[in-house]
Structures are given as structure tokens and as C-alpha cells.
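Encoded as C-alpha cells, the structure appears first; notes follow it.
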Amino acid sequence: MANSPIFTIDGLKANVEGKEILKGLSLEVKGGEVHAIMGPNGTGKSTLASALMGHPKYEVTEGSATLDGEDLLEMAVDERARAGLFLAMQYPSEITGVTNADFLRSAINVRRGEGNEISLIKFIRQMEAKMKQLEMNPEFMHRYLNEGFSGGEKKRNEILQMLLLEPKIVILDEIDSGLDIDALRIVAEGVNAMRSEERGFLIITHYQRLLNYVKPDFVHVMMQGRIVKSGGPELAERLEAEGYDWVKAELGIVDETVGQDEEEFKIPMNTTAPKY
Ligand SMILES: Nc1ncnc2c1ncn2[C@@H]1O[C@H](COP(=O)(O)OP(=O)(O)O)[C@@H](O)[C@H]1O
Ligand SMILES: [Mg+2]
């Protein structure tokens, strides 16, 4: 339904290897909205993506996440994907022995459900059309998933998956990293083509440049495992111009990262080892 919340995160806390990384994060995404989550490295952005997708290493300890009113955290990873959650990963995995085409067709069929599988002809037509849209070489269809792909090719391949799977909630984790300006524009056009009242986006990014092409409705700054500031597109522009220091100063944050061992900080980073 247009403009009702499709995705709600409330007070989410998560641990990685016993350390608390997400410290109570809340966010609501309505149909048609694009939310950007920006923040320096090590502030928990990828942890948020992994915890939402159900990566077994990330243990949710408190809070809730619902997709179309259904409890996401109760679902297994494949059920989350079936329900319409999609994550384009910051570091996509290479899977030898599984061709890109086989992987995509299986993923589409799982999403469509039993008895509603896509015909081979229709699948090939769709895949060819979307690859053309992303200016991908057709030979990537028959290559093993991400194997030997450059950073930029992996990112385009993640967007290809998004286009074919037609998710309800799209999480893009640093999709802009490793992309040259032409690839960035192509990826952004792919995202813009998918914007609709039935779909919401969470665009996680360190830099503002992708947001020149994909205009967000809301911009959130993440530090210390939570959202510390929210605004409109002008917030991203200010971060681009001035960096993150003014946010830290405004909020009295000294160290924006999360989950580092306190011990590590007792040793200044710039000291050289003593010579004996
Ligand atoms: N799989 C993991 N194993 C151990 N530590 C992790 C793992 N994932 C994240 N962390 C830790 O959580 C903190 C936040 O990392 P991350 O979520 O990747 O931040 P960001 O994406 O904002 O750069 C870091 O201290 C990182 O080392
Ligand atoms: Mg990250």
C-alpha cells in the first residue's frame, strides 16, 4: 500500500562475537521512500545490514524489525529474502561452481514460490534486458558467481540481482565503493528505475556522491551503533562539504566508532615500536 510503513526497526541492539555493536537503532521506511544512512567507518553500518538480513554471526539481543507487519527477526535468512528483503553486500562473496545465471534463476524462483517458477525463456529475456540496462557484458551470465569479477563488476552484479528479484526493501551497503563515475551513474539509474510506492530503500554510504544521483528523502548519521542525527538531503550535502567532525562536536562525541576493545585505545596509533 502506498505511503504506509513497510519496514520498521525499533530499538535494535546486536552483538558480534559477544561485543555490542548496535546500541538501539530505530527507523521507519514508508513505501516510496529512500533513506540514506551515512557515517564514518566502524560505526556499525554493515552490522545493521547483516543483522537485518540474518547473518548468523550477528546476534540481535533487543528490539524488533518488521516487514509488512511481519516479524523479520523470527525468520530464517531465506524467509527474509522471500518476504522481500534484499541486501547488496559491501563485499559480495565469490562462489565457484555456480554460474551467475543458475544463481539468479534459483533466487528468482525461491522469491516467486513453488508452482510459480519463471520459464527459462522468460528468465533469459529478462536477464539479457537487465544486463543490457546495466551495460554488463553478456558473458557474465555464464561466469561463476562473482569469481574474478572486479570490484565494480561485483557491484553491478548486485544491482542486477536487485532488478531481477524486485524486492520490497532494498539495502545497499556501500554500493558506490569501487565504482568509477560511469559505473556509478549506471548503478544509480538502476536504483532510480526501481523506485516505486511499493518499495523502500536503505542506502548505506560513507560518501555523498551517490546521493547526487539517487536523491534521498531522509538522511541519517550513524555513530556509536545508533542514529545520532537525521535530516533531509541538505544534511548529506553538509557532510560532504564539512565532513563528520561538526556532528561529533555538536553532540559531544569523541570516538564515533563502536565495539573496539578499550585496551587498543590506550596505545596511541602513531607511536613507533621502541628499538632495543
Ligand atoms: N564479523 C565480524 N567479526 C568481528 N567484528 C565485527 C564483525 N562485523 C563487524 N565487526 C565490528 O563491528 C564494528 C562495526 O563494524 P561495521 O558494522 O563493519 O562498521 P561500518 O560498516 O560502519 O564501517 C567494528 O568494530 C567491527 O570490527
Ligand atoms: Mg561497512
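Structure notes:
- Peptides ranked, highest mean first, by Cβ atoms within 10 Å: ranges 207-214, 169-176: 169-176, 207-214
- Tilt relative to the chain, helix 181-194 - C-alpha long axis, 0 to 90 degrees, to 10: 70 degrees
- Over the chain, equivalent-ellipsoid semi-axes from the Cα gyration tensor in Å: 32, 22, 20
- Sequence-distant lysines (8 or more away, or on other chains) whose Cα lies within less than 17 Å of LYS57: LYS13, LYS19, LYS23, LYS45
- Karplus-based coupling profile of the range 96-104, in residue order and whole Hz: 6, x, 10, 6, 4, 5, 4, 4, 5, with θ = phi - 60° in 6.51 cos²θ - 1.76 cosθ + 1.60 and x standing for Gly or Pro.
- As a proxy for reagent exposure, VAL254, VAL16 were ordered by neighbouring Cβ count within 10 angstrom, fewest first; the result is VAL254, VAL16.
- Separation of the range 156-188 and the range 81-109, taken as the distance between their Cα centroids, equals 13 angstrom.
- Summed side-chain charge close to ARG125 - residues other than ARG125 whose Cβ falls under 13 Å, Lys, Arg +1, Asp, Glu -1: +3
- The chain: relative contact order as a whole-number percent, Cα under 8 Å and 6+ apart: 27 percent
- In Hz, Karplus ³J(HN,Hα) per residue of the range 136-145 (6.51, -1.76, 1.60; θ = phi - 60°; x = Gly, Pro): 9, 5, x, 5, 5, 4, 9, 7, 5, 3
- Estimated from helices alone, the mean residue ellipticity of the chain at 222 nm is -10000 deg cm²/dmol (sum of -39500 (n - 2.57) over DSSP H runs with n ≥ 4, per residue).
A short reminder: the numbers here are calculations on the coordinates, not readings from a lab. Since we're looking at a predicted model, the values are computed, not measured. Glycine also receives a Cβ, built like all others from the backbone with ideal geometry; neighbour counts cover every protein chain displayed.
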